[in-house]
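The values are calculated or read from the model by the stated rules, or taken from the named source; none is laboratory data. Since this is a predicted model, take the numbers as computed values, not measurements. Virtual Cβ from ideal backbone geometry, glycine too; neighbours counted across all protein chains shown.
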Amino acid sequence: MKHESNILLVISAIIAIIISAPTYITIVGSFTPIGEIYSPHITFLPKTPTLKNYIDLLFLTSFPMWLLNSIFVALCFTVLGIIFCSMAGYAFSRLRFRGRDSMFFIMIASMAIPEFITVVPNFILLNKLGWVNTYFALIIPFCAHPFAIFLAKQYMETVPPDILDSSRIDGCTEFQTFYKIVLPIVRPVIGAIAIFLFVHSWNAYLYPLVLMQDMEMFTVPLGLAMLGSTMEYPQQTVDFTAVLAGVTISIVPIMLLFASMQKEFIAGLTGGAVKGYG
Amino acid sequence: MISIAILLALLLNYPLTKLKSFFRSVYFLPVTFSLVSIALTFSIIYHLDYGIINMILNSFGFTKIGWLVDPDIALYSIILMRIWRATGYYTIILIAGLQGIPQELYDVAKVDGANSLQRTLHVTFPLWSPMILVTVVMSTIWSFQLFAEPWVLLRGGPSDATLTTAIYIYQQAFGSMRFGDASAAAFINAIIIIALTVTQIKYMARKVR
């Protein structure tokens, strides 16, 4: 028995090493001079660790601006998203109105349609609104995300209706019931929704690519992708290791967040799907 | 991809495996990274001369593989990248499914004399199949979404080897400003996705029963 469990441990560890290797390569690469990367030896640790890549990134490119854009957009997106999605989840789970279930069905069905299918009409719409190249375009249209609403609804259905009835009898308005009774109960799922929305916005690529045309409005993924293919944008040329530094800066917050709120993370990114179909 | 995830989920749910929650988080971590970061990371890993994979192959005396330059191979490089990122995700979902299977059923099977392989085949899989269906449908839908990795790495090249429908639509609409063509392509694609998903669900649902 002991023997068997050791074998399994070794197998799991090998897989873990394979899975984390690219991340390791990125982080180490960001501290390595470019010459060492392009040398015919495998480098596990940089021989002459350097911060040059980070300095280049921060002073020779517009990366700081992209970082601020990303943070601003992701925070607004998350806060607004939580407000809308929790309210929508409450309505779908605990209020009765005509067409509720069919509306919910349409919303869920829309999740099955990939985002690139609707990118053209969305672009035309946002262009007519004059929102292209503004923060609005990245925040407003997508923050009421069906998946987050679905998560909220799913969890709110566990709140016993009696509690709501008694609060209504005590004279709470519908909004007070939602705000004072339901929200505190569903706090765990709000964490999961927040993380889902934040990661979604932080990592988004296609819509920012289409909607943000000025370099000052770029988000981090857009900017990094641009730096990574410098032949098309020769204005801002840095070593590829500086791009790796940017990648490191963009994944480290997410890694820290993941390490500290793992449960909410996994629930936010998978929980709804698990409960929904199963 | 799903078959790897099934094996990993079984591994991580096996009572004798140690440090389960640690490995679970390690496997899940790539899911949280943006596709662009992953594409950029892999552009160095797949590098023809200095990428780690080719250097390892070289040191064992194999010839270098043109991961991103060879039109016959580029698509597989993209697929490999996708497997690397998404397997952990499906593993977690499948583990959740496994944990939903009541322990009593295993105890009963044990009393009836089923060995551990039989228990896996006849208790786990039938009860697990709805969850496997979920992951198969999800990964089908998501595979159609393939955009950021081939776009950032290769712009759909070399010689259109990694041109996905998403890239095609993007190029039509925002490269050549042909919104009509792009919408037509998107519409056809949507129909295909819906048809595939429905068939998949129907087919698998029959098997599940």
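Please tell me if residue A:181 is over 22 Å from the mean Cα position of the chain (by Cα), away from chain B (no Cβ under 14 Å) and more than 18 Å from residue A:264 (Cα to Cα).
Numbers: over 22 Å from the mean Cα position of the chain (by Cα): yes; away from chain B (no Cβ under 14 Å): yes; more than 18 Å from residue A:264 (Cα to Cα): yes.
The answer is yes for residue A:181.
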What do you reckon, is residue B:116 closer than 30 Å to residue B:199 by Cα and not acidic (Asp, Glu)?
no
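Can you pull out the residues in the stretch B:175-191 that are touching a helix residue (DSSP H, G or I) at 6+ places or on another chain (Cβ under 6 Å) and assigned to a helix (DSSP H, G or I)? Break it down stepwise before answering.
Filtering the stretch B:175-191 down to residues touching a helix residue (DSSP H, G or I) at 6+ places or on another chain (Cβ under 6 Å) leaves B:178-179, B:181-183, B:185-186, B:189-190.
Matches in the stretch B:175-191: B:179, B:181, B:182, B:183, B:185, B:186, B:189, B:190.
Residue check: is residue A:115 within 14 Å of chain B (Cβ to nearest Cβ), more than 24 Å from residue A:140 (Cβ to Cβ) and among the acidic types (Asp, Glu)?
On the way: within 14 Å of chain B (Cβ to nearest Cβ): yes; more than 24 Å from residue A:140 (Cβ to Cβ): no; among the acidic types (Asp, Glu): yes.
No.
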Any residue in the stretch A:192-217 that's closer than 25 Å to residue A:261 by Cβ: show its pairings with residues that are of a type in the set (D, E, K, R) at Cβ separation under 8 Å, as long as the two are six or more apart or on different chains.
A:192/A:264; A:194/A:264; A:195/A:264
Scan the stretch A:106-141 residue by residue and report those that are crowded, with 19+ Cβ neighbours inside 10 Å and either in contact with a strand residue (DSSP E or B) (Cβ under 6 Å, 6 or more places away or on another chain) or part of a loop (DSSP other than H, G, I, E, B) (or both).
A:114
Residues of the stretch B:132-169 being facing chain A (nearest Cβ under 7 Å), part of a helix (DSSP H, G or I) and of a type in the set (Phe, Trp, Tyr), in sequence order, are B:144
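Run down B:117, B:68 and say which single residue is among the hydrophobic types (A, V, I, L, M, F, W, C), at negative phi and either more than 14 Å from every other protein chain (Cβ to nearest Cβ) or more than 23 Å from the chain's Cα centre (by Cα) (or both). Don't jump to the end; show me each part of the working.
Working: B:68 fails: either more than 14 Å from every other protein chain (Cβ to nearest Cβ) or more than 23 Å from the chain's Cα centre (by Cα) (or both).
Answer to the selection: B:117.
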Hits in the stretch A:142-159 (condition: of a type in the set (A, V, I, L, M), more than 15 Å from the chain's Cα centre (by Cα) and part of a loop (DSSP other than H, G, I, E, B))
A:159
Being at pLDDT below 75, within 11 Å of another protein chain (Cβ to nearest Cβ) and more than 22 Å from residue A:228 (Cα to Cα), is that true of even one residue in the stretch B:75-97?
no
Within the stretch B:16-66, tally of residues that are touching a Pro at 6+ places or on another chain (Cβ under 8 Å) and either more than 26 Å from residue A:37 (Cβ to Cβ) or aromatic (Phe, Trp, Tyr) (or both):
2
Taking residue B:63 and the conditions (1) assigned to a loop (DSSP other than H, G, I, E, B); (2) within 13 Å of chain A (Cβ to nearest Cβ); (3) over 17 Å from residue B:128 (Cα atoms), which numbered condition does it fall short on, given that it satisfies the others?
(2)
Could you tell me whether residue A:149 is buried (at least 16 other Cβ atoms within 10 Å of the Cβ), β-branched (Val, Ile, Thr) and within 30 Å of residue A:215 (Cα to Cα)?
no
Would you mind stating whether residue A:76 is touching a Ser or Thr at 6+ places or on another chain (Cβ under 9 Å), hydrophobic (A, V, I, L, M, F, W, C) and at pLDDT 85 or above?
yes
Go through B:125, B:174 for me and flag whichever is at pLDDT below 80, surrounded by fewer than 18 Cβ atoms within 10 Å (Cβ to Cβ) and more than 19 Å from residue B:85 (Cα to Cα).
B:125
Which condition breaks for residue A:230 when tested against (1) β-branched (Val, Ile, Thr); (2) part of a loop (DSSP other than H, G, I, E, B); (3) modelled with pLDDT of 80 or more?
(3)
Quick one: residue B:194 ticks every box in (1) surrounded by fewer than 16 Cβ atoms within 10 Å (Cβ to Cβ); (2) within 12 Å of chain A (Cβ to nearest Cβ); (3) part of a loop (DSSP other than H, G, I, E, B) bar one, so which box is it?
(3)
In the stretch B:44-59, residue farthest from the other protein chains (Cβ to nearest Cβ) [restricted to those that are hydroxyl-bearing (Ser, Thr, Tyr) and surrounded by fewer than 21 Cβ atoms within 10 Å (Cβ to Cβ)]:
B:59
If I filter the stretch A:76-83 for residues that are surrounded by 16 or more Cβ atoms within 10 Å (Cβ to Cβ) and within 13 Å of chain B (Cβ to nearest Cβ), do I get at least one hit?
no
Within the stretch A:47-75, restricting attention to residues that are part of a helix (DSSP H, G or I) and surrounded by 22 or more Cβ atoms within 10 Å (Cβ to Cβ), which residue is nearest to the chain's Cα centre (by Cα)?
A:74
If I filter the stretch B:12-43 down to residues being at negative phi and at pLDDT below 70, which single residue comes out as farthest from the other protein chains (Cβ to nearest Cβ)?
B:13
